[in-house]
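The values are calculated or read from the model by the stated rules, or taken from the named source; none is laboratory data. The structure presented is a predicted model; accordingly, all values stated were derived computationally and were not measured. Virtual Cβ from ideal backbone geometry, glycine too; neighbours counted across all protein chains shown.
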Amino acid sequence: MDATDLLLRLALDPADLKPAPSRAANAQDAAERLGPAPVPCAACGDPARSTRIIHISGHGHCWLDLCRDCMLAAANRGNPTVPLADTLAALKDAARKADVDLTILVDEPLARP
Ligand SMILES: [Zn+2]
């Protein structure tokens, strides 16, 4: 996922990101930005749990600091979703082919259409 896609997924305006040096973020950056007084998440303002430097065409290098939830949301958005029934059918088929007894427990909210 390139920086433009990532910003689109997070609905972030590149102009709102802080300028960063033109290099990759390192352990010292992480300690400074995510330490006892973490910088705010660029998307929601909660304390950031990850940081990276991204290059955005027309904006240069910028810090992208994200909280856990926004980081996970960005990673999961846009992924194709598979209906639960298809996933269960694939699991059952694989278990049958492997001659394995399989019990599948599904969390109730996931089972709802
Ligand atoms: Zn956030």
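Checking the structure you have, find out if any residue of segment 38-55 is more than 16 Å from the ligand (Cβ to nearest atom) and surrounded by fewer than 11 Cβ atoms within 10 Å (Cβ to Cβ). Talk me through it step by step, then tell me what you get.
Kept after step one, since they are more than 16 Å from the ligand (Cβ to nearest atom), are these residues of segment 38-55: 53, 55.
If we keep only those that are surrounded by fewer than 11 Cβ atoms within 10 Å (Cβ to Cβ) as well, we get none.
Checking segment 38-55: not a single residue is more than 16 Å from the ligand (Cβ to nearest atom) and surrounded by fewer than 11 Cβ atoms within 10 Å (Cβ to Cβ).
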Next item on the list: Could you list all residues from segment 50-104 that are at pLDDT below 85 and under 30 Å from L34 (Cα atoms)?
Entry: A73, A74, A75, N76, R77, G78, N79
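Given the condition loosely packed, with under 15 Cβ neighbours inside 10 Å and in a strand (DSSP E or B), answer yes or no: does some residue in segment 12-23 qualify? Write out each step before concluding.
Within segment 12-23, the subset loosely packed, with under 15 Cβ neighbours inside 10 Å is 13, 15-16, 18-19, 21-23.
Next, from what is left, pick out any that are in a strand (DSSP E or B): 19.
So far as segment 12-23 goes, yes, one or more of its residues are loosely packed, with under 15 Cβ neighbours inside 10 Å and in a strand (DSSP E or B).
How many residues does segment 26-57 contain that are assigned to a loop (DSSP other than H, G, I, E, B) and more than 19 Å from L72 (Cα to Cα)?
Number satisfying all stated conditions: 5.
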